[in-house]
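Below you'll find the structure, written out as structure tokens, and then a few comments.
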């Protein structure tokens, strides 16, 4: 092989490697900045909840039909569906009051679409959507104590609604950073559970860099 060609190939590989390293550094920086912005948003939302500004908070409460495995699995499917369903509206809403107004106006449509979703999944159960003031016990949310008391809530009831339920803070939009509290049992509302925090986008970026 021509020595010059060989040298050119080596230089080309070195340049490609430098570009890869630069891209990884850039993605790392963007990832860190994204985590900072996300972290600030979460902290502000949790502080608002912790300070018990109930007039500023809207909770999502999904009640399963029963504690049977299939009913509990359906609870999480409905949770994901309702959060994704409300995503476009959430981006246009700036207050709890606006969110409640939107839900009251669109309640029947949401309920109808939820019925269609359950039908597609071959679930022969009714589902009900209510916007109401509910009493919630003291809970821990990402290590912080959220005072018990009355909160406005979007309640989604599947079937009899007798199973262990699930909740998150719909506004401020903590549900949308996938910060969840699981295992809020209707049968034992004094039970406190550890929160599960999962940042899907961050996990994806770290996988890309590895």
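Tabulated data for the structure shown
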{"item": "Fewest-first sequence of 146, 83 by Cβ atoms within 10 Å of each Cβ", "result": "83, 146"}
{"item": "Footprinting exposure proxy for 164, 95, 66 (fewest neighbouring C-beta atoms within 10 Å first)", "result": "95, 66, 164"}
{"item": "Full-stretch length increase - residue 138, residue 162 - with 0.36 nm per residue and alpha-carbon distance subtracted", "result": "6.6 nm"}
{"item": "Listed peptides 118-125, 86-93 by packing density, highest first (mean Cβ within 10 Å)", "result": "86-93, 118-125"}
{"item": "Highest average packing first - 168-174, 56-62, Cβ atoms within 10 Å", "result": "168-174, 56-62"}
{"item": "Stretch gain in nm, segment residue 130-residue 94, where the contour uses 0.36 nm per residue and the Cα spacing is subtracted", "result": "10.9 nm"}
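Just so you know, all these numbers are worked out from the coordinates, no wet-lab data involved. These figures come from a predicted structure and were not determined experimentally. Backbone-built Cβ (ideal geometry, glycine too); neighbour counts: all protein chains shown.
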